[in-house]
1. Is it true that residue B:259 is of a type outside the set (Lys, Arg), in a strand (DSSP E or B) and farther than 22 Å from residue B:82 by Cβ?
2. Scan segment A:26-39 and tell me whether some residue there is touching a residue at least 24 places away in the same chain (Cβ under 8 Å) and out of contact with any strand residue (DSSP E or B) (no Cβ under 8 Å at 6 or more places or on another chain).
3. Just checking, does segment B:198-206 include any residue being more than 13 Å from every other protein chain (Cβ to nearest Cβ), part of a helix (DSSP H, G or I) and among the hydroxyl-bearing types (Ser, Thr, Tyr)?
4. For residue B:42, work out the one condition from (1) over 19 Å from residue B:66 (Cα atoms); (2) open to solvent by 40 Å² or more (accessible area, probe 1.4 Å); (3) of a type outside the set (S, T, N, Q); (4) at pLDDT below 75 it doesn't fulfil.
5. Take residue A:199 and tell me if it is outside any helix (DSSP H, G or I) and either modelled with pLDDT of 90 or more or open to solvent by 40 Å² or more (accessible area, probe 1.4 Å) (or both).
6. Only one of B:294, B:267 is within 13 Å of chain A (Cβ to nearest Cβ) and under 30 Å from residue A:64 (Cβ atoms). Can you tell me which?
7. If you go through segment B:302-320 one residue at a time, do you hit one that is in a helix (DSSP H, G or I) and not hydroxyl-bearing (Ser, Thr, Tyr)?
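The values are calculated or read from the model by the stated rules, or taken from the named source; none is laboratory data. Owing to the predicted nature of the structure, the values given are computational and were not obtained by experimental measurement. So basically every Cβ, Gly included, is an ideal-geometry build from the backbone, and we count neighbours across all protein chains shown. Heavy atoms of the whole protein, side chains included, go into the accessibility calculation; ligands, DNA and RNA do not. Shrake-Rupley method; radii C 1.70, N 1.55, O 1.52, S 1.80 Å.
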Amino acid sequence: MNQTIDIALPKGRLGEQVYEMFERSGCGCPGMREDSRKLVFENSESGLRFFWVKPSDVAIYVERGAADMGIAGKDILLEYSPDVYELHDLGIGRCRMCVAGREEQWRRAGTLRVATKFPNIATRYFRGQGRAIDIIKLNGSIELAPIIGLSDVIVDIVETGTTLRENDLRVLETILPISARLIANKASFKFKYEGISRLAKLIAGAAEGGRA
Amino acid sequence: MESILRPEERLVRGLRALYSRYGYRPYRMSKFEEYDLYAGNRSFLPSGSVITFTDTNGRLMALKPDVTLSIAKNLGGEGAAEKVYYDESVYRAPDSGLGFQEITQAGLEYLGPVDAYVQGEVLMLAVRSLMEVTDGWVLDLSHMGFLCGLVDELGLRGPERAELLRAVGGRSVQSIRAVCAAAGAPMEPAERLAGLVELYGPASELLPGLEAAARTEAERRAAQELSSALRVLEAFGCGERVNLDLSITCDTEYYNGLVFKGYVAGAPSAVLSGGRYDSLMRKLGKDEQAIGFAVYLNLLERLGESAEAYDADVLLIPDGEAPEELAAAVRELTEAGQSVRVQPGTAGTARCRRVMKMKNGRPVTLESDD
């Protein structure tokens, strides 16, 4: 590879799982696992530069060309519709986007109050069903909304459902499955095609290997 | 003259000269258009929002959100081919969160009989437009004949079709398979679509294989049209760095043939976009064929931005001398080809190559970047 490829990794467990895939593919970077305040890590031998960013920001870094590639959840891609290539479903970080709440509130007639971090996904879903809704955009603790009467239901990602159960809520409908995707900037894909497609194949191979 | 032009002004000047050389004439249009035109063709616009206002005679008007639609509506219909170019501002909200923006674009439109030469010439002008911007460019070609045939064969409608087109545009082979499987669509055309979307590389290398693998008459015609346009492009000496990318998606209601996008190094998204839009012409009640493209000048603002840009060559600080002495010093410097900014006190935020101060009626250099 003769051009450096910039990769935005999501901070947290998902990012670490993905970074393991890079390591398994022989594309790791010294210092990445050390606990430091360093933000950018470069492996000049493999021509890769990594940086950790907030998971919901990865798609922005890639769409705007600050990163050539990145790893983002399908939830973020559906919510913000960034203009990027979605090169591979890595099959990790699996969960579901669901409507959750209590049956009696879900069945009530009239406008449904929906609390969510994902207003676009929720709006599209309920519009498809022809149901009148009132979106309440929250940034966290979504499960609290139906418990204290802020909303009738929530639209959120559900991994195991434990938090819902512990709060006497349940999954009412599954909107779609979610997993982590390898994404690429459209212009970078043209100008760094060889490097990006080679790396995408390596990571896809590592993802398949991890699943096998 | 050249040095006082901003990069985008230099570029527009270069593009005008380029399009004129091939017989395109300038086209100026009003900033306003009746809103009905956009209301009836909302999905042609890259984003739906339009700035509207009521005219003095009570008509609902719109500040132009798009140029092609206006040209297609206002020109043509008289038999003879029209070749026009423009550089205009349009107003739309590419991101609803950021509100309306002024988007500057330059481009050309051809309305009339479209043959292989016309398509090749338009592609050549697209390539040369990219060359005007920078040396690092790529032009990607596709043909709606492939996409339309396969998408129709899959029989998806409404939100499922929209999701499939999103997957195609995102080059997501797995999503294409997943959408088709979930909708119960036949998997053979789904696999063919996935295979085509995965293709990317030099058009001259990939087109022979694509032509040989064409399965329907529409696909064969599409491959042949791409090959003939490429041959014309090569005859113009512009066949290098032209790639085949069948993941380019455009609204199938308006675009019907060759479609293309241009990228330049340093810009994160396509800076040029164009294609054949006979279907739009038919929708507007016209028989002509049409093809054109636009260069999005606002995306080029940051390219080649120089950190060393100066407001003037010389910052001249007066020192209580007579105004005539100051004027004589300024005249001497400007006649020597230097730009001069006279400013009492210090440089402040002004960026100047050289700082001079008047001393005994003569300018003396205090500091210089040279």
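1. In short, no.
2. Within segment A:26-39 (the criterion being touching a residue at least 24 places away in the same chain (Cβ under 8 Å) and out of contact with any strand residue (DSSP E or B) (no Cβ under 8 Å at 6 or more places or on another chain)), the answer is yes, since at least one residue qualifies.
3. Looking for residues that are more than 13 Å from every other protein chain (Cβ to nearest Cβ), part of a helix (DSSP H, G or I) and among the hydroxyl-bearing types (Ser, Thr, Tyr), one finds at least one in segment B:198-206, hence yes.
4. (1)
5. No: the conditions fail for residue A:199.
6. Checking each option against the conditions leaves just B:267.
7. Scanning segment B:302-320 turns up no residue that is in a helix (DSSP H, G or I) and not hydroxyl-bearing (Ser, Thr, Tyr).
Yes or no, residue by residue, for (1) loosely packed, with under 15 Cβ neighbours inside 10 Å; (2) part of a helix (DSSP H, G or I); (3) over 24 Å from the mean Cα position of the chain (by Cα):
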position: B:215; (1), (2), (3): yes, no, yes
position: B:229; (1), (2), (3): no, yes, no
position: B:239; (1), (2), (3): no, no, no
position: B:243; (1), (2), (3): no, no, no
